[in-house]
1. Among the residues of the stretch 58-72, are any part of a strand (DSSP E or B) and surrounded by 20 or more Cβ atoms within 10 Å (Cβ to Cβ)?
2. Quick check on residue 46: is it in a strand (DSSP E or B), modelled with pLDDT of 95 or more and either farther than 23 Å from residue 172 by Cα or open to solvent by 60 Å² or more (accessible area, probe 1.4 Å) (or both)?
3. Does the stretch 25-40 include one or more residues that are part of a helix (DSSP H, G or I), more than 26 Å from the chain's Cα centre (by Cα), farther than 20 Å from residue 139 by Cα and of a type in the set (Val, Ile, Thr)?
4. Hey, among 269, 274, 249, which residue is among the hydrophobic types (A, V, I, L, M, F, W, C) and surrounded by 19 or more Cβ atoms within 10 Å (Cβ to Cβ)?
5. Output the number of the condition that residue 75 fails; it satisfies all remaining conditions of (1) at negative phi; (2) at pLDDT below 95; (3) under 24 Å from the mean Cα position of the chain (by Cα).
6. Taking the stretch 390-425 as the search range and keeping residues that are open to solvent by 20 Å² or more (accessible area, probe 1.4 Å), assigned to a loop (DSSP other than H, G, I, E, B) and among the hydroxyl-bearing types (Ser, Thr, Tyr), which one is farthest from residue 243 (Cα to Cα)?
7. When the stretch 356-374 is examined, which residues are found to be touching a strand residue (DSSP E or B) at 6+ places or on another chain (Cβ under 6 Å) and either free of Cβ contacts under 8 Å to residues at least 60 places away in the same chain or not aromatic (Phe, Trp, Tyr) (or both)?
8. Given the condition free of Cβ contacts under 8 Å to residues at least 40 places away in the same chain and either surrounded by fewer than 22 Cβ atoms within 10 Å (Cβ to Cβ) or closer than 17 Å to residue 366 by Cα (or both), answer yes or no: does some residue in the stretch 132-155 qualify?
Amino acid sequence: MQHRGQEATGISSSCDGKIYTKKDRGLVSEVFNEEALTYLKGNMAIGHNRYATAGSDSVLDAQPVYAKYKLGQISIVHNGNLINKDEVRNDLIDKGAIFQTGMDTENLIHLIAKNTKDHLKDRIIEALNRTIGAYCFIVQSRSKQFVIRDRYGIRPLSLGKLKSGGYIVASETCAFDLVGAEFIRDVRPGEMLIFSEEDDIESVQLFEPEFRPCAFEYVYFARPDSVIDGKNVYTTRENMGKALAINDANSKIKYDMVVPVPDSGVPAALGYAAASGIPFKYGIIRNHYIGRTFIEPTQEMRNLKVKMKLSPMSSIIAGKSLLVIDDSIVRGTTSKRIVKMLKEAGAKEVHFRVASPEIKFPCFYGIDTPTKEELISTQMTKDEVCKYIEADSLEYLSIDDLVNAIGNDRHYALESFDGDYFVKA
């Protein structure tokens, strides 16, 4: 699932009582050639694509995180962010721990290694009792795998069955489609699944669920062909576009076409077009050999990739009034470049619509918006943002409309939009 991280990739496999690990900076296709895959022996493995929310960009901060300890060998992958990581790390350092990476994931390795219980399962449970935040962990020993989702279920995690009879666990169900696996169910919030060759799956409910899935998964992060906690991502994004169109129904502005910012803006733009009757046009073409811009670690890289990735269709948009739809505005720099690009290509007007609410608060649960200073909607009003990106008009989706688009049958993690930091350190 390369879309979830493009900085580094890694796999640990287990075979005959030994763990083999290969990881490096770069894309999956660059790191895992035939030689690397031959080295990864065994019938059990964990893998990870890195999207940095903590730590540095060195290969040491790539996952899986591997170590040797009293009970043998262990390897861990983690999706999320631990909000009490500094407190736990400083306590471990005071007690003599030596850290090799800047990642919060390494905390769990040390907590497990320093425990004196005889079984890894018990060590993991005690370590998790000191772990606060958003997490999906897979802990691999030489003969077992332990899959854990935090009590809030902030980050997604699903269980599938392979045609060969084995199991697969992944952050998104689109991974199952690629390998021909059958979806079984989502891992429950607060649940630990234990896999071994000898026994069937063991399920342990570690924590009472307080389900708060991340709304930003539906807005941007997940792939549209995934089903996240029972909700089809494509359909939810289409619903967001329909809500934007309903809100625009009384607008006196006349639009010639609905233009998506590809690719994440496409479903919402199709929803808008269907609800409004305004023609949908690919006024911007994406170069698919360029990766996602939001998850790039530096602004310079994001700016360069926007320029390389998106090209306006001058023959279609010249002299036209465009209703442009994107999934979100985070820093504002990408939106500004898109508006400028379209106007330079001859667009008469560019009216910007955003299929999510204003992002006013940093997220500490695994989405990389770490400071208020980086969030344009924290620094500016809607009218000021509109002026900054040089659009002719700007409208966002409301929080209520976002929730209704996803499905108002549950509470969501909306901290980026409403500042409700429900997980307390």
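The values are calculated or read from the model by the stated rules, or taken from the named source; none is laboratory data. Keep in mind the model is a prediction, meaning the values are calculated, not measured. Note that we place each Cβ from the backbone using ideal geometry, even for glycine, and neighbour counts take in every protein chain shown. Calculation scope for accessible area: heavy atoms of the full protein, side chains included, ligands and nucleic acids excluded. Shrake-Rupley method; radii C 1.70, N 1.55, O 1.52, S 1.80 Å.
1. yes
2. Here the answer is no, as residue 46 does not meet what is asked.
3. Within the stretch 25-40, one or more residues are part of a helix (DSSP H, G or I), more than 26 Å from the chain's Cα centre (by Cα), farther than 20 Å from residue 139 by Cα and of a type in the set (Val, Ile, Thr).
4. It is 269.
5. The single condition residue 75 does not satisfy is (2).
6. Only one residue tops the list, namely 421.
7. 357, 358, 362, 363, 366, 369
8. No, the conditions are met nowhere in the stretch 132-155.
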